[in-house]
Every structure is written in structure tokens, then in C-alpha cells.
Amino acid sequence: MKKLTGSNKIKTAVFISGTGSNLKSLYKFSKLKKSPIKISLVVSNNFKAKGLIFAKKNKIKTKIYEFKERYKYENKIINDLKKNKIKIICLAGFLRILSNNFIKKFNNKIINIHPSLLPRYKGLNTHYRAIKNKEKFSGCTVHYVNSKLDSGKIILQKKVRISKYDTQESLQKKILKQEHILYKKALIKVFSKT
Ligand code: GRF
């Protein structure tokens, strides 16, 4: 892989809906020499998303869209992504489903992190369901986004043991810690091939 500097790093948009701990971790990573990405835009469907405060503090451009009419707002997002020359989208706790039209426009350019060992536990409440089913392991997955929910090609996964003392909250905490590590590794893997 050619040496990346600030100016030739891949312009990335991070989509969030809430806390933004993955955004924070990706941002810190993006500042390192070894990072292939540079975060040029943060997109949110929720103007109350805590992650927006972090983005603003760090002078990352933010765009907030209310998603009442999906097609209308997706078109606005697409325009903004183009304007900002965004080459890759990292979904990080983004709680909206993108349309097929949007996904096709960014074919193989949208990456997501999901808090389970896909293909198990697609969708929401993954920790609750894993504990309820008495799973011994759960984990997290970084994958490409395709038209089916949480079903795109897997880039990397990390297994996390579920102890008998784990609650939904403790498991979420353990997995989130691993998510922060995994997302960076996955991006390095994706761009070391290009
Ligand atoms: C993470 O667990 C992510 O996998 C899921 O939503 C959560 C977002 O956390 N899709 P944060 O906003 O990055 O802290």
C-alpha cells in the first residue's frame, strides 16, 4: 500500500444516530499515519445524537437530515456526499435503513459494524437475544452493506465470551470495546487490497 498522508487519505463519511463511540474511535484512528481514511463528514438522522457534539468539537463537518421522506433526504445526502468528494461511508450505530437505490450508488463503498457474530442476530437487541438464548459467545462484525439487512460480505469478526454473570449492559460494554478495535482493523484490511 502506498504511504498515506493527510491529503491522499480516503475521504470518509461516518453515519451515526447516537452516542458515537465508534465515531470517536475512528476519528482518533484517522489521525494516525497508518490510517487509510480521513473523516470529512459526519451524517446523522438525529439532531440530538451525542456524537455530533464530538464531531463539532473536533471541527468535522456535520449534516443532519430528518428522515421522514426517505427518498427526498437520501437525495440530499447523496448530493452532500458528492460535494464533499466522499469515497467511503462507515455506518457506526446508524439506526436507519438505507434504500436499495442509495446502496447501489455506493456499491461496496458502505461498511457497517454490527454487535453480533453475523449471520447470527441480525437487527436490533442483539445482546438481549444472545443472552436469552444462552449463547456461550457473541461478538461483533464489520461487513459491507448490501440490500439485505446485516447480510453483506463479512470483512472481519471478533468473538467475545459471554459469562454467566453477563447482563445485556455488561455484554454491550465488552463488545463495544472490541468494536472500536475491529473497525480500524477492518478498514486497514479493506484498503491494503486496493
Ligand atoms: C454499536 O454497538 C454498533 O455496533 C451498533 O450501534 C452501537 C453504536 O454505538 N450498530 P456508538 O454510537 O458507536 O457508541
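Quick one: in region 58-74, which of the residues that are part of a helix (DSSP H, G or I) and touching a helix residue (DSSP H, G or I) at 6+ places or on another chain (Cβ under 9 Å) is surrounded by the most Cβ atoms within 10 Å (Cβ to Cβ)?
Our first condition is that a residue be part of a helix (DSSP H, G or I); within region 58-74, this holds for 70-74.
Subsequent filtering for residues that are touching a helix residue (DSSP H, G or I) at 6+ places or on another chain (Cβ under 9 Å) retains 70-71, 74.
Working: 70: 16, 71: 9, 74: 18.
Per the stated criteria, the residue is 74.
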Review point. Across region 23-57, what is the total count of residues that are in contact with a Gly (Cβ under 6 Å, 6 or more places away or on another chain) and in a helix (DSSP H, G or I)?
Key: 3
Review point. Out of region 111-144, which residues are in contact (Cβ under 8 Å) with a residue 40 or more places away in the chain, more than 11 Å from the ligand (Cβ to nearest atom) and under 30 Å from residue 11 (Cα atoms)?
Key: 111, 117
**Study point:** Residues satisfying the stated conditions in region 145-180, i.e. without any contact (Cβ under 8 Å) to a residue 24 or more places away in the chain and hydroxyl-bearing (Ser, Thr, Tyr)
**Key:** 163, 165, 170
Study note, to complete from the structure: Of all helices (runs of 4 or more DSSP H) fully inside region 79-194, the set with 2 or more residues that are in contact with a Cys (Cβ under 8 Å, 6 or more places away or on another chain) and crowded, with 17+ Cβ neighbours inside 10 Å is 168-192
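Which members of region 99-139 meet the condition of being β-branched (Val, Ile, Thr) and under 21 Å from residue 185 (Cα atoms)?
As a first pass, look at region 99-139 and keep what is β-branched (Val, Ile, Thr): 103, 110-111, 113, 126, 131.
Once the filter is applied, which keeps residues that are β-branched (Val, Ile, Thr) and under 21 Å from residue 185 (Cα atoms), region 99-139 yields 110, 111, 113.
Based on this model, can you work out whether residue 38 counts as under 16 Å from residue 111 (Cβ atoms) and either at pLDDT below 95 or not aliphatic (A, V, I, L, M) (or both)?
Working: under 16 Å from residue 111 (Cβ atoms): yes; either at pLDDT below 95 or not aliphatic (A, V, I, L, M) (or both): yes.
Considered against the rule, which asks whether it is under 16 Å from residue 111 (Cβ atoms) and either at pLDDT below 95 or not aliphatic (A, V, I, L, M) (or both), residue 38 comes out as yes.
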Review point. Do you know which of the residues in region 149-182 that are of a type outside the set (A, V, I, L, M) and in contact with a helix residue (DSSP H, G or I) (Cβ under 7 Å, 6 or more places away or on another chain) is farthest from the ligand (Cβ to nearest atom)?
Key: 166
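The values are calculated or read from the model by the stated rules, or taken from the named source; none is laboratory data. Quantities reported herein were computed from a predicted structural model and do not represent experimental measurements. Here Cβ is always computed from backbone atoms with ideal geometry, including for glycine, and neighbour counts include all displayed protein chains.
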